[in-house]
């Protein structure tokens, strides 16, 4: 009977060895399957789990083989029933020890896998969050306009010599997608707007940008909306904001709603700040007229043009001649000498200045009257005649009014 017991133990060990060998092979297949789930946090977690399974199976297999070898050695050495009994006890003890080792190893590997998986998911979550923040920051290219002196001549008969410091100005009018990204951030960071800005083809403000019209300039924003939005964009990207409610620059303008109209209309500009702002009227005309610092586009031409020929106008500006009453995506027509698109046409663009008579004597960095009732906007538009798109043509409107023909372009120091 004791001999039969030894044989039984020997057979059980062989079965255990066969099962353990199968488990040691399968993790390879499991690892491939986990990889097929894709990359990122989910795959990291799956790989960690597969590693845990493989390690546990490998430990179990190794332990079972050890038990089997122990039994086999003891069995082959047994010559008497007493030896068989001793072999049986040894085998039993070895299996128990192996089982304990397998469980201990499994716990250790599983714990390690869980920590690894958790760390991978946490790291991925941080990366995802950072990526999400980055996606909120829109791209808005600017060019540097060299310092210089030009004759600022306008359609109302003014002409004076004007010297300007170097500044930056946007390559494009502010497109709806750019407006929207900043506006969404601003509304969750203490800002409010009288108008949420409209996307072409919509009758309400603040709609989610769509592919077909996201690059069309934003419209239905008044002058107050524009300066408050400039402050928001500056804060979003880490620049120092420009517009404040007081000359001491302590109260940042964050609200363009009508209850805050008086504060906005009395805005104080911190010109040395690094943030986004509207161009002054002089900066706008200087950039629209610039050719090489010595030659300048005539005040009677659209920006970048060499004549008033219709073909020349249509090459550079969306007016009622070619726009068919439709706003167009920014940058579709030719640029002027500085690489600026749509300085004439598409939308008229808000400038900083109050409307007033221009000086009759030479000036440096003139920024308009200290007070007024209407703000300057320049450039004509898609529903206006080409004469309105001439670089010397002045337009003006109350700061609380917006419309389907007014947008803006950004400047910086």
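The values are calculated or read from the model by the stated rules, or taken from the named source; none is laboratory data. Computed from a prediction, not measured in an experiment: that's the story for all the values here. Every residue, glycine among them, receives a Cβ derived from its backbone with ideal geometry; neighbour counts consider all protein chains shown.
Observations
- Residue tally, condition in contact with a helix residue (DSSP H, G or I) (Cβ under 9 Å, 6 or more places away or on another chain) and in a loop (DSSP other than H, G, I, E, B), over segment 281-306: 9
- Filtered residue count, segment 332-357, keeping only those that are more than 20 Å from residue 383 (Cβ to Cβ), touching a residue at least 60 places away in the same chain (Cβ under 8 Å) and not in a loop (DSSP other than H, G, I, E, B): 2
- Take the conditions (1) modelled with pLDDT of 95 or more; (2) in a loop (DSSP other than H, G, I, E, B); residue 184 misses just one of them, which is (2).
- Residue match in segment 376-391 (condition: surrounded by fewer than 21 Cβ atoms within 10 Å (Cβ to Cβ) and farther than 18 Å from residue 346 by Cβ): no
- Conditions (1) in contact with a helix residue (DSSP H, G or I) (Cβ under 9 Å, 6 or more places away or on another chain); (2) at pLDDT below 95; (3) surrounded by fewer than 15 Cβ atoms within 10 Å (Cβ to Cβ): number failed by residue 138: (3)
- Within segment 188-240, considering residues that are within 20 Å of the chain's Cα centre (by Cα) and on the phi > 0 side of the Ramachandran plot, the one surrounded by the most Cβ atoms within 10 Å (Cβ to Cβ): 197
- Qualifying residue in segment 358-372 (condition: under 27 Å from residue 180 (Cα atoms) and either assigned to a strand (DSSP E or B) or out of contact with any helix residue (DSSP H, G or I) (no Cβ under 7 Å at 6 or more places or on another chain) (or both)): no
- Complete set of residues in segment 323-336 that are within 23 Å of residue 300 (Cβ to Cβ) and surrounded by fewer than 17 Cβ atoms within 10 Å (Cβ to Cβ): 334
- Test: residue in segment 323-331 that is assigned by TED's automatic domain parsing to the domain that holds residue 218, touching a strand residue (DSSP E or B) at 6+ places or on another chain (Cβ under 6 Å) and in contact (Cβ under 8 Å) with a residue 60 or more places away in the chain: yes
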